[in-house]
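The values are calculated or read from the model by the stated rules, or taken from the named source; none is laboratory data. Owing to the predicted nature of the structure, the values given are computational and were not obtained by experimental measurement. Virtual Cβ from ideal backbone geometry, glycine too; neighbours counted across all protein chains shown. Ligands, DNA and RNA are excluded from the accessible area calculation, which covers all protein heavy atoms including side chains. Shrake-Rupley method; radii C 1.70, N 1.55, O 1.52, S 1.80 Å.
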Amino acid sequence: MRTAIYPGSFDPLTNGHLDVIQRATKLFDRVIVAVAKSESKTPLFTFEERVELVRETVGHLRHVKAEAFDGLLVEYVARRKAQAVVRGLRAVSDFEFEFQLALMNRKLDERIETIFMMPKDTYTFLSSRIVKEIARLGGDVSAFVPAHVRTALALKLASQPL
Ligand code: ADP
């Protein structure tokens, strides 16, 4: 049983994340999308909301599940008896940070491999930050996120003070 952990803030999940999840299912028997608390990033959605949005998105995918996670990634990976961490690489700009993270995780636990997956080219410009910005400015994000994420974004932004 080969398990991969796909960690991230998912604030909120985008079609780019979903593309990476689907690619990872071709390589692993089980993919756990691990939603990190990421409090220091002051996310738009609460921890629980982010987990729920991922859960709704992956519900129909066999062998994929969403989990909440807080603490050290390598410890979580060991607890889940996973073999690898999956991360997405969009452009050279992602590389430096991801490279550092992967090597640090290897220092902390040398048994864990990090696998980088490139999304479909149409998603290489997509990020949660940009999606939030477009939605905030009243733009249409339906091509970038699943329908229920778009609804959640609209509700969340409507409930926020200007
Ligand atoms: P984090 O806060 O850990 O960077 P994110 O939710 O922003 O969490 O991203 C999680 C992972 O998904 C990261 O490896 C990021 O590079 C990757 N990712 C984000 N958006 C995309 C996308 N459009 N295509 C491919 N990978 C992506």
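Please give me the summed charge of the neighbours of L27: other residues whose Cβ is under 12 Å from its Cβ, Lys and Arg +1, Asp and Glu -1.
So the surrounding residues net to +2.
When the chain is treated as a GNM, springs tying every alpha-carbon pair under 10 Å, which of A143, A34, A82 comes out with the largest mean-square fluctuation?
A143
Gain in length, K41 to L89, computed as 0.36 nm per residue apart minus the alpha-carbon separation, to one decimal in nm?
Result: 15.3 nm gained on full extension.
Which of the DSSP-defined H helices in the chain satisfy a minimum axial length of 15 Å, computed from C-alpha atoms, and a minimum mean Kyte-Doolittle hydropathy of 0.5?
Both cut-offs are met by 147-158.
Given K26/K156; K81/K107; K41/K65; K41/K120, which pairs have Cα atoms separated by over 29 Å?
K26/K156
Just the number, please: carbon plus sulfur as a percent of the accessible area of the chain, 1.4 Å probe, no ligands or DNA/RNA counted.
Answer for the chain is 55 percent, counting heavy atoms of protein chains only.
How much accessible area per residue does the range 1-98 have, counting only protein heavy atoms and a probe of 1.4 Å, in square angstrom?
50 Å²
Over the residues of the range 3-158, compute the C-alpha Rg and express it relative to 2.2 N^0.38 Å.
Taking N as the residue count of the range 3-158, the ratio is 1.00.
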